[in-house]
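Let me begin by presenting the structure, written as structure tokens, before commenting on it.
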Ligand code: SAM
């Protein structure tokens, strides 16, 4: 059942958190000249039009990327660096700005492709036929090889990868409750095959209650506890360390559904914790997050 379309959500607070974390991890891999492997298991379309009917439905980019001061034309030699932000945040803003000037937002494979070097081995899997067509076109002039394939099946098939260092981004729609278990199973299997890989798993933060669409009644949201359960399962993985970042955009309530999101990073690169703390401080400020204790950077497992 493939009904999810990321075009409704492109550039929202969750994309900003996810893509900043992705850039931080790839920039850490880029410190060494040795090539690396990258796989985006749920790649989406690659590029999104912010003026599309879908994007305009809830204008989610307004609570995310559009809160940054972006959208001005810059020359190659005149990138949008601010001087007082960490270098990887400047990298993210420069990548994004090149699309925002044309009313677009780049998805994860296109963000990643801007950081890949010659010799890096990168793939993006997408199962939805239409999304895959867009992905194929949007990756045409990049170093990412787009595949019309189930991301979980592909991860199992290609790991351990060549080269043997690198990262996997897992960003499913979580439309079905069963998808949380599917992610946990896939990650446990992947870690057995490639225990030294970096795995970045995005997950939603959902309010405990929600409004029933038909009756308007407030009912329990059975999916609300599933992200927390997934995180506790990741803390039991046979790996060196597991790091987690969560950002609350607004207070949890029945009216908002997804009030924030998180990224769990298995085997984070050295000093990524500092990058994640920078990310949290920046998005709290720029996106005016709800400053409660649910926004945090924490170790779920350490050596
Ligand atoms: N990672 C993208 C980004 O950050 O720009 C957004 C991805 S979106 C949240 C999830 C995508 O996964 C959708 O395009 C959906 O069609 C696709 N999808 C769903 N199940 C899949 C599967 N088993 N394998 C590969 N893609 C899948």
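Any read-out appearing in this document is the output of simple, stated calculations on the displayed coordinates, not a laboratory observation. Because the structure is predicted, anything quoted here is derived from the model rather than measured. Virtual Cβ from ideal backbone geometry, glycine too; neighbours counted across all protein chains shown.
Before anything else, pin down the relative contact order of segment 107-165: Cα pairs under 8 Å, at least 6 apart, normalised by residue count, whole percent.
Values: 56 pairs, mean separation 22.6, N = 59.
Computed value for segment 107-165: 38 percent relative contact order.
Roughly what % antiparallel, to the nearest 5, for the DSSP beta bridges in segment 55-203?
Working: 0 of 9 bridges.
Just about 0 percent of them are antiparallel.
Take the Cβ-Cβ distance between residue 178 and residue 212 as r, set R0 to 22 Å, and report the resulting FRET efficiency rounded to the nearest 0.05.
Working: r = 22 Å, r/R0 = 0.99.
Efficiency computed from Cβ-Cβ geometry: 0.50.
Residue separation times 0.36 nm, minus the C-alpha to C-alpha distance between residue 281 and residue 2: what's the value?
On the way: separation 279, 0.36 × 279 = 100.44 nm, distance 3.50 nm.
Using 0.36 nm per residue and subtracting the Cα-Cα distance, I get 96.9 nm.
Ranking 270, 194 by Cβ neighbours within 10 Å, fewest first, what do you get? Display every interim value, and only then the final one.
Numbers: 270 8, 194 21.
Fewest-to-most ranking of 270, 194: 270, 194.
Can you tell me what share of the DSSP beta bridges in the chain is antiparallel? A percent to the nearest 5 is fine. Mind dumping the intermediate values first?
On the way: 26 of 43 bridges.
Antiparallel bridges make up about 60 percent of those DSSP assigns within the chain.
Counting only C-alpha contacts under 8 Å and six or more residues apart, can you give the relative contact order of segment 6-301 as a whole percent? Numbers along the way, then the final one.
Working: 574 pairs, mean separation 62.5, N = 296.
RCO, segment 6-301: 21 percent.
Per residue, what volume in Å³ does the Cα convex hull of segment 6-301 take up? If you can, show how the numbers build up before the last one.
Working: hull volume 38.3 nm³, N = 296.
About 129 Å³ per residue, rounded to a whole number.
Taking one equal scatterer on every alpha-carbon of segment 160-206, how large is log10 of I(q)/I(0) by Debye at q = 0.29 1/Å?
The Debye formula, applied to the Cα set alone, gives -1.12.
Ranked from highest to lowest mean number of other Cβ atoms within 10 Å per residue, what is the order of the peptides 127-134, 6-13? If you can, show how the numbers build up before the last one.
Values: 127-134: 16.9, 6-13: 23.1.
Top of the packing list down: 6-13, 127-134.
Explain nothing, just the number: relative contact order of segment 1-146, from Cα pairs under 8 Å at least 6 residues apart, as a whole percent.
Details: 214 pairs, mean separation 53.7, N = 146.
Computed value for segment 1-146: 37 percent relative contact order.
Hey, in the GNM for the chain with a 10 angstrom Cα cutoff, which one of 190, 157, 124 fluctuates hardest?
Maximum fluctuation in the GNM of the chain, among the listed residues, is at 157.
Mind checking the full-extension length gain between residue 56 and residue 157? Use 0.36 nm per residue of separation minus the Cα-Cα distance, one decimal, nm. Can you show the working numbers first?
On the way: separation 101, 0.36 × 101 = 36.36 nm, distance 3.80 nm.
Taking 0.36 nm per residue and subtracting the Cα distance, the gain is 32.6 nm.
Connecting C-alpha atoms closer than 10 Å in a GNM of the chain, tell me which of 195, 204, 222 has the biggest fluctuation.
With Cα springs under 10 Å in the chain, the top fluctuation among 195, 204, 222 is at 222.
Nearest 500 deg cm²/dmol is fine: what mean residue ellipticity at 222 nm does the chain get from its DSSP H runs of n ≥ 4 alone, each adding -39,500 (n - 2.57), divided by its residue count?
Working: 9 runs with 102 residues, N = 303.
Calculated at 222 nm, the ellipticity per residue is -10500 deg cm²/dmol.
Taking the mean number of other Cβ atoms within 10 Å as a proxy for protection, how do you rank 115-121, 51-57, 276-282 from highest to lowest?
Details: 115-121: 15.3, 51-57: 13.4, 276-282: 18.1.
Answer by packing, highest mean first, reads 276-282, 115-121, 51-57.
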